[in-house]
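The values are calculated or read from the model by the stated rules, or taken from the named source; none is laboratory data. Computed from a predicted structure; not experimentally measured. In this analysis, Cβ positions are derived from the backbone assuming ideal geometry, glycine residues included, and neighbour counts consider all displayed protein chains. The area values use the complete protein model at the heavy-atom level, side chains included, leaving out ligands, DNA and RNA. Shrake-Rupley method; radii C 1.70, N 1.55, O 1.52, S 1.80 Å.
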Amino acid sequence: MSLPPPAPVAPRQPPPTAPRPFVWPSLPRRAARRGLLVALVAGLLADVAARHGLGTAAGALAGAAGPVLLAAGTRMRDRRALACVAAAVALTPWLALRDSHWLLPLDVVVAGACVLTATAWGRGGPAADGMLELVRRLAATVARSATGPVWAWAHVRAARPTGVRVPRSQVLAALRALPLVALLGGLLVWGDALLASWLRLPVDAGTALAHVTVVVGGLVVFLGLHRAASTVATPPTRRVPSAARRVETTVLVIGAAVVETAFAAAQVVASAAGDGYVRSRTGLTYAEHARRGFFQLLAAAALALWFVLAARRSSIAAEGRQRRLLRAGALTVVLLSLVLVVVAVQRLRLYEAAYGLTMLRLYCTVFAGWLGVVFVLAGAACARLGSRPWLVPAVTASAVAGLLVMNALNPEAVVVRHNVAFAERTGRFDARYLVSLSDDAVPALVHATQTASPVVAGPLRQALCAPGSRHHDDGHGLAWNRADHRSMAALARLCDG
């Protein structure tokens, strides 16, 4: 008689364990102290910049030293990260050279974006040749940088000396004694004016608290960026577009090509038929028709650029006829979009010819020109010129280079010279608008009072030398700004000479 087989024994489950508490990051003591020292320097630089203003020598010093400290502290080796640091450092000296409210915010934003991009590539990683991949990486960098407070406290814990342990009872005894000592000191200060004068601080408590807050905030932000730059970038998530998505993109680029072809045909017909045909069809004169729709054209160009980038991404996964169709459609949209950008710029030039130049019109023209450059780069990428991913770095480099050129050319002086020449031709001159510009425009305005006709020089001199218009501040030391200094010197020669 055979015995029944033994019943299977279930494997023994390990007892449930309690969830692990939060574990602070472990850091070597020397590295923690070095990191705290560098972060403290960054915090002090942030406080100096906040005290004197971003548009000063202090702002330029802090803006240039911050990226250098970050690159040195994290030992950046990636060439892309170092190039972004170099771009940020190249932009920051203009904070002490220019005063334009149209230009300095762009310098700060682009320099900050370069620092953030350098942080994203601080430890290298695979290249990103798509805008969505770049945005994903920058978002991950911002999320890691948000752990700055935790990382700062980890540095403090690791940097504190060990081996000296004070019993808890003694700490509590000292805390109980301190209020009594403070009470005694308060009574003596209250009763003796000379002692109170000795203990009076040179700054009030609110100012001191603000300085401490800025220094600590700068330290925490720097350590957060340090943490993000020390993390190896994750490989990009390459999602192959599905067949339905490729069909959708094909319809987009073909539809965009058809619509933009119709737009180009309308421009040719309007130019050839003349004012009578345009008036009969639209009720507008040719000049009125040409001066309308600038911002709509720029928005359409930006949307067409998105179509081109989507077609480029889908063409990588497509094969055969569909790939050729996507590339041909993308290149066609690029060429027609360049026509659209040229028409937009031409319409803006008609505005300038009729009403003069403003800072908004100048910046719209520059943006339209940069958008044309981006279209050329996108078209080259669609044609598969080169196998390495270069589109995103090329677009970024073109933006930084364009901003550096604008800083060097001084846009407000360009507006002044254009409007002075416009007034000489037409007799229409808006002196109040030119005087409302920043200190970057003042030397050009003073020069115009000496070289322009009396129709322009008289109102301009009166507006510049009016008592309420001389609000310029000539700072010294870390508060120095070259535009402020040149403005004060030019106004002194004009109004006090």
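Of note:
- Residues Ser436 and Leu209, FRET efficiency given R0 of 41 Å [Cβ-Cβ distance, rounded to 0.05]: 0.65
- Gain in span if fully extended, Arg323 to Leu184, counting 0.36 nm per residue against the direct Cα distance: 41.5 nm
- Within the assembled protein chains, the solvent-accessible surface assigned to Arg245 is about 120 Å², based on a 1.4 Å probe.
- Heavy atoms of Glu424: accessible area, 1.4 Å probe, square angstrom to 10: 90
- Put a dot 7 Å past the Cα of Ala65, heading toward its Cβ, do the same for Ala143, and the two dots end up 3.4 nm apart.
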